[in-house]
Amino acid sequence: MNDGTRAELITLAPDGTLAVPERPVIPFIEGDGIGRDIWPATCQVVEAAVGRAYGGRKEIVWKELPVGEKGFEQTGQWLPQQALEEMERHVVSIKGPLTTPVGQGMRSLNVAIRQKLDLYACVRPVRYIDHVPSPLRHPEKIDMVVFRENTEDLYAGIEWEAGSAEAEKVRAFLAEQMGRHLPETTGIGIKPISKANTERLVARAIAYALENDLPSVTLMHKGNIMKFTEGAFRNWGYQVARERFGDRTVTEEQLHAEYGGRRPDGKVVIKDRIADMLFQQVLLRPDEFSVIATPNLNGDYISDALAAQVGGLGMAPGANMGDRCAVFEATHGTAPKYAGRDKVNPSSLILSAAMMLDYMGWNEAARLIRAALQATVRDAVVTYDLARQIDGARQVSCSRFAAEIAGRMG
Ligand code: NAP
């Protein structure tokens with residue numbers, strides 16, 4: 001049992017080096033809705049994997065943070081400041097889905113966590129797990145990681161309702177100062193994309209590709225239309241590749257002009273694709289793409305579309321990462337109609353936990369989780385969402401699915 005004794009903090013040095021003790025304290029947010037189903041399932045799988053991989057030498061000491069409905073019940077706040085401080089202090093944490101409280105002046109708790117902790121990169125690996133039903137003929141060709149900018153673009157939330165005093169003020173400013181006339185009933189949103197935030201996101205994506213010996217980083221943008229936001233993202237992306245990683249990257253142009261189309265060993269190819277075209281190409285030629293770096297809204301769309309190709313949101317892991325801390329999370333929402341029914345698929349949170357273990361350097365435990373999950377699906381022992389797509393599947397509850405995974409770690 002976790003009792004908190006001899007537990008220690010994970011630390012992150014300014015150069016980005018993570019130091020993980022053998023009994024790290026890891027805060028978790030259970031989450032609202034189906035959080036109460038998928039969190040205990042995840043916990044069971046992680047503890048089984050860590051136990052099996054390290055034979056008691058290593059152990060996670062969980063620390064619950066009351067956020068969301070639990071936070072509101074216990075502290076009167078949906079997102080207590082103390083919870084944010086704990087996430088930052090402990091460097092690594094994990095969360096279930098959170099309801100967006102309607103009419104509480106907060107657009108989304110998830111967006112608030114990302115912005116307050118400056119978790120600027122939303123990292124979503126999309127990898128096919130054998131035997132998971134997919135609409136593609138060759139889903140095994142999908143092996144991508146999306147780096148979505150998390151703090152700006154249309155998600156910055158700078159917008160005004162049509163007819164509001166603010167919208168009228170902006171409309172008048174645009175007419176009087178900029179000569180741009182908008183109809184009276186116009187709602188207005190601002191799309192900020194900055195050089196500094198683009199650079200840190202793209203640099204992180206390139207560093208990831210280099211560390212993991214991946215072939216390419218694709219800058220996904222709509223710069224043909226939005227030249228000074230999405231187009232600038234593309235240009236700044238190439239610039240940071242050239243200036244910070246010049247000796248370890250080549251552009252697609254150079255690849256053909258100087259290397260006969262063959263990627264030189266140890267170098268990452270930097271390319272770019274217009275967003276709509278990329279949606280086509282990831283369906284038709286998925287093996288041409290590896291890491292994708294993109295502004296916020298494109299990233300939102302492409303990561304869900306890619307998740308659908310490898311089993312849907314119930315199977316898609318994710319993490320929000322910054323320079324001070326990282327928060328791993330289920331990528332789906334609270335699915336309120338299934339809350340407390342022990343029914344949904346816990347794989348998104350389980351695979352996010354595996355990603356967290358990899359981040360901590362506990363790769364053996366992460367590998368055990370992925371292999372056991374794959375073996376469970378291969379045996380067609382699955383939750384309702386996959387059962388409805390697999391002929392002859394044995395449908396099990398959320399908790400049973402977790403037990404089946406834990407039981408396949410031998
Ligand atoms: P949702 O909670 O993701 O659920 C939509 C549908 O997706 C479910 O009805 C279910 O489809 C399927 N689904 C989701 N999770 C699943 C799982 N683990 N296993 C199997 N199927 C799963 O989206 P929503 O209903 O639009 O949002 C509900 C609330 O969640 C909102 O308050 C929203 O703000 C919040 N939200 C939070 C996050 C987050 O915390 N990161 C993300 C998105 C939304 P079927 O009914 O077809 O089986």
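The values are calculated or read from the model by the stated rules, or taken from the named source; none is laboratory data. Given the structure is predicted, the values throughout are model-derived calculations rather than measurements. Neighbour counts are summed over all protein chains in view; Cβ atoms, including those assigned to glycine, are modelled from backbone coordinates with ideal geometry. With ligands, DNA and RNA removed, areas are computed over all heavy atoms of the protein, side chains included. Shrake-Rupley method; radii C 1.70, N 1.55, O 1.52, S 1.80 Å.
Quick notes on this one:
- Residues considered: Ala403, Ala307. Of these, the only one that is under 30 Å from Ile193 (Cα atoms) and either out of contact with any Ser or Thr (no Cβ under 9 Å at 6 or more places or on another chain) or not in a loop (DSSP other than H, G, I, E, B) (or both) is Ala307.
- Subset of the range 339-352 [more than 7 Å from the ligand (Cβ to nearest atom) and touching a Cys at 6+ places or on another chain (Cβ under 9 Å)]: Arg341, Asp342, Lys343
- Candidates are the residues of the range 317-336 that are farther than 14 Å from Phe147 by Cα and of a type in the set (A, V, I, L, M); the one that is farthest from the chain's Cα centre (by Cα) is Ala335.
- Per-region count, the range 308-327, residues away from the ligand (no atom under 11 Å from the Cβ), in contact with a helix residue (DSSP H, G or I) (Cβ under 7 Å, 6 or more places away or on another chain) and over 13 Å from Arg114 (Cβ atoms): 3
- Residue within the range 85-93 that is free of Cβ contacts under 8 Å to residues at least 12 places away in the same chain and either open to solvent by 10 Å² or more (accessible area, probe 1.4 Å) or within 12 Å of the ligand (Cβ to nearest atom) (or both) present: yes
- Among the residues of the range 360-396, those that are under 30 Å from Ala13 (Cα atoms) and of a type in the set (D, E, K, R) comprise Glu364, Arg367, Arg370.
- Subset of the range 375-395 (residues that are open to solvent by 10 Å² or more (accessible area, probe 1.4 Å), touching a helix residue (DSSP H, G or I) at 6+ places or on another chain (Cβ under 9 Å) and more than 13 Å from the ligand (Cβ to nearest atom)): Ala375, Asp379, Ala380, Ile390, Ala393, Arg394
- Test for Thr5: is it at pLDDT below 95, in contact with a helix residue (DSSP H, G or I) (Cβ under 7 Å, 6 or more places away or on another chain) and assigned to a loop (DSSP other than H, G, I, E, B): no
- Exactly one residue among Arg367, Arg394, Arg378 is closer than 30 Å to Val91 by Cα and either under 14 Å from the mean Cα position of the chain (by Cα) or of a type in the set (Lys, Arg) (or both), and that residue is Arg367.
- Flag for Gly333 being outside any strand (DSSP E or B) and surrounded by fewer than 24 Cβ atoms within 10 Å (Cβ to Cβ): yes
Conditions tested, residue by residue: (1) farther than 30 Å from Ala196 by Cα; (2) aliphatic (A, V, I, L, M); (3) modelled with pLDDT under 95.
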| residue | (1), (2), (3) |
| --- | --- |
| Leu313 | yes, yes, yes |
| Ser347 | yes, no, no |
| Ala365 | yes, yes, no |
| Leu373 | yes, yes, no |
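- Helices (runs of 4 or more DSSP H) lying entirely in the range 179-278 (those with 3 or more residues that are in contact with a His (Cβ under 7 Å, 6 or more places away or on another chain)): 230-245
- Filter result for Glu73 (open to solvent by 50 Å² or more (accessible area, probe 1.4 Å), farther than 24 Å from Leu368 by Cα and out of contact with any Ser or Thr (no Cβ under 8 Å at 6 or more places or on another chain)): yes
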